[in-house]
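Below: one structure, written as structure tokens.
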Amino acid sequence: VFGCGVRHNLIQYLPKLPVDIAVQAVWQRVDIEDDLDEEVVAARTFAVNLALSKRFGPLTLYTAFQTERSDVSFAYTFEADEFDIEDADIEPVDVDFTVRDIGKSRGLAGLSLKFGPVVLNGDISVGALTVVSAGFGFAF
């Protein structure tokens with residue numbers, strides 16, 4: 001698992017705006033190998049977004065628009081004898097395919113509450129799928 005991202009706050013160029021504006025780009029990858037060190041799953045994602053936020057004391061409201069791309073490749077050999085199927089006379093089957101999701105976009109809206117070092121958050125993301133999430137973290 002490896003990933004990296006860059007986020008840049010644009011408010012320094014537009015200081016009179018009443019909200020913070022940032023752009024972000026992130027990339028990540030996940031590779032899974034079998035017991036023979038052969039890669040069986042390789043996933044890559046890339047996303048770019050524009051985010052707006054406004055703080056009111058401990059409350060921050062935020063929204064964002066994001067476009068993303070992902071590729072997940074699978075490559076392995078299915079062998080029936082590995083599953084102890086009795087009297088199976090099945091030849092090994094090579095499986096090799098890629099699932100590609102290009103140019104999907106989503107909108108997001110949420111809020112966070114900061115109580116000392118504890119941050120609680122909740123948001124909804126609407127795109128091809130609608131996802132509601134909540135979480136907590138620590139910020140110093």
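What the table shows:
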quantity: Where a residue in region 96-116 is over 30 Å from Arg55 (Cβ atoms) and its partner, wherever it lies, is open to solvent by 80 Å² or more (accessible area, probe 1.4 Å), with Cβ under 9 Å and at least six apart; calculated: Asp96/Tyr76; Arg100/Arg69; Asp101/Arg69; Asp101/Ala128; Ile102/Arg69; Gly103/Arg69
quantity: Number of the condition not met by Asp89 [criteria: (1) loosely packed, with under 11 Cβ neighbours inside 10 Å; (2) at pLDDT 95 or above]; calculated: (2)
quantity: In region 10-35, the residues that are closer than 15 Å to Ala51 by Cα and part of a strand (DSSP E or B); calculated: Asp20, Ile21, Ala22, Val23, Gln24, Ala25, Val26
quantity: Test: Arg7 is open to solvent by 80 Å² or more (accessible area, probe 1.4 Å), part of a strand (DSSP E or B) and at pLDDT 95 or above; calculated: yes
quantity: Residue within region 47-61 that is aromatic (Phe, Trp, Tyr) and either more than 22 Å from Asp101 (Cβ to Cβ) or outside any strand (DSSP E or B) (or both) present; calculated: yes
quantity: Flag if Arg55 is of a type in the set (Lys, Arg) and within 26 Å of Asp37 (Cβ to Cβ); calculated: no
quantity: Number of the exception - Phe46 against (1) open to solvent by less than 50 Å² (accessible area, probe 1.4 Å); (2) within 15 Å of the chain's Cα centre (by Cα); calculated: (1)
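The values are calculated or read from the model by the stated rules, or taken from the named source; none is laboratory data. Note that the coordinates shown come from a computational prediction; the quantities given were computed from them, not determined experimentally. Positions of Cβ are generated from backbone atoms using ideal geometry, with glycine treated the same way; all protein chains shown enter the neighbour counts. These area figures cover heavy atoms from the full protein model, side chains too; ligands, DNA and RNA do not enter into them. Shrake-Rupley method; radii C 1.70, N 1.55, O 1.52, S 1.80 Å.
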